[in-house]
Number of protein chains: 2
Amino acid sequence: MGITERKEREREEMRHLILQAAQKLFLENGFEKTSIRSIADAIEYSPATIYLYFKDKNELFLALHILAFEKMMVEFAVVATIADPFERLVALGRQYIKFAIENPELYDLMFLMQAPMEALACRDEVWEDGMKSFDFLRLILTECMDKGIFRNDLELDSTCLTVWSYMHGLVTIYLKKRMDMFEDGQQMQRMEESFRIFIEMLKASFK
Amino acid sequence: MGITERKEREREEMRHLILQAAQKLFLENGFEKTSIRSIADAIEYSPATIYLYFKDKNELFLALHILAFEKMMVEFAVVATIADPFERLVALGRQYIKFAIENPELYDLMFLMQAPMEALACRDEVWEDGMKSFDFLRLILTECMDKGIFRNDLELDSTCLTVWSYMHGLVTIYLKKRMDMFEDGQQMQRMEESFRIFIEMLKASFK
DNA sequence: TGTTTTTACTAAACACTGTTTAGTATATTT
DNA sequence: AAATATACTAAACAGTGTTTAGTAAAAACA
């Protein structure tokens, strides 16, 4: 009998429906204005129904967080075609900035909000999405080191952390409106120039 | 007649009382659990009273944000005694990490939360506190460049932004629990190692 | 001094929020 | 056909930021 299968399918469809509505509201109005009630309204169900498919708001945000990482990884994939690992690293950096600026709410959810991390902590799970993207960077840096572009006496993971920290800091300062020391119209150029300086620093630090 | 003076003094005292209670609750329970009502309870006044002294919660958070910057600048002052500008820069970096780790809620308020920036935007004011601390970094980097430690063909402000971005990114990744790719006990060592790598990069990038 | 005006404050309400509970139709199984 | 399980919801609970209308006390004015 296929009833249990159909029920499981229907359950999955409902989860998908909730998630799609949540994502839409999230991207349109920001996460502060996305309430359980507004999601329920959008799909024409009662707020209580959402709790039959997600334990709480953290779980819902974790699901959105996973979708966001999928989106980012798809956008990152375009750099894979670049043969030279250092050029690939630079291209990845530009993609990272691009993604953050074009998806500020998603970036927040992925790297700043505590909601998804709390959901993971409740489940005793590790941050798989974060680790996967960290691996993506690690692979590129490994190639750079192997090709002798970088000095390889530096610990790989800590070097990855250094690169990511810079990128994360740069876009976070921008997204969180902490770039007021530069005129409004020049903030993007400043980011560009800072990025070039960092790339120069990376290059220069490896004979 | 000194009545208006006394009234002004009393008004200032009340603002201070509210701010002290707010800061206490903020540091003890985090900003998410610090409500206008809980502050009102703590000082034994009605919630509506707080609105006679602060326009809204953003204004209240802006006031706390200013106090937080004062605290940070006091802690930064200790590096001023270091003669060598590069050593001073390294010491400032360590102070920055120390401050962020010891005052995670304050760091959030200063560099991530939108509340204080919204209050500033309402008032049409610039982010003076941020600019002052940026100047502090700029001064040190200027000295480094003057003494020939750094190449000085790089734009000063963009170089400052690069250094700050790295520091900000590093501590934010840590504070926002995004360092799960490293075991719990080794996260501090990883930060230390990354910091050393960044310092090496800075050194190496200037002949 | 007595009267009017201003000041300081609050109770209560408004419109929200996440979440839980108890109950109701419908679908499935026995 | 009766019993059980499923899917869903109305209503409530305990919060949130904020506003409004009203009240005592203080200050200013006559």
Here the relative contact order (percent) of segment B:1-54, from C-alpha pairs under 8 Å and at least 6 apart, is 31
Using square roots of five times the C-alpha gyration tensor eigenvalues, list the equivalent-ellipsoid semi-axes of the protein assembly as shown in whole Å, biggest first. 36, 35, 18
Under the convention of a label 7 Å out along Cα→Cβ, give the distances in nm from A:Glu87 to the same position in every other copy, shortest first. 4.5
For chain A, what relative contact order do you get, as a whole percent, if you take Cα pairs closer than 8 Å and at least 6 residues apart? 18
Return an integer: the convex hull volume of the alpha-carbon atoms of segment A:56-204, in Å³ per residue. 116
Qualifying aspartates and glutamates (Cα of each under 13 Å from Cα of B:Lys147; at least 8 residues distant if same chain): B:Asp84, B:Glu87
Distance from segment A:31-81 to segment A:152-203 (C-alpha centre basis), Å: 29
Karplus-derived 3J(HN,Hα), 6.51/-1.76/1.60, for each residue of segment A:41-55, Hz, glycine and proline x: 4, 4, 9, 6, 10, 6, x, 4, 4, 4, 6, 7, 10, 9, 4
What is the average number of partner chain Cβ atoms found within 10 Å of a Cβ in B:179-187? 4
With +1 on each Lys and Arg Cβ and -1 on each Asp and Glu Cβ, and nothing else charged, work out how big the dipole of segment B:1-54 is about its Cα centre, in Debye to the nearest 20. 80
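No value in this document is a laboratory result; all are computed from the given coordinates. Everything numeric in this text was worked out from a predicted model, so none of it was measured. Cβ: placed from backbone, ideal geometry, glycine included. Neighbour counts: every protein chain shown.
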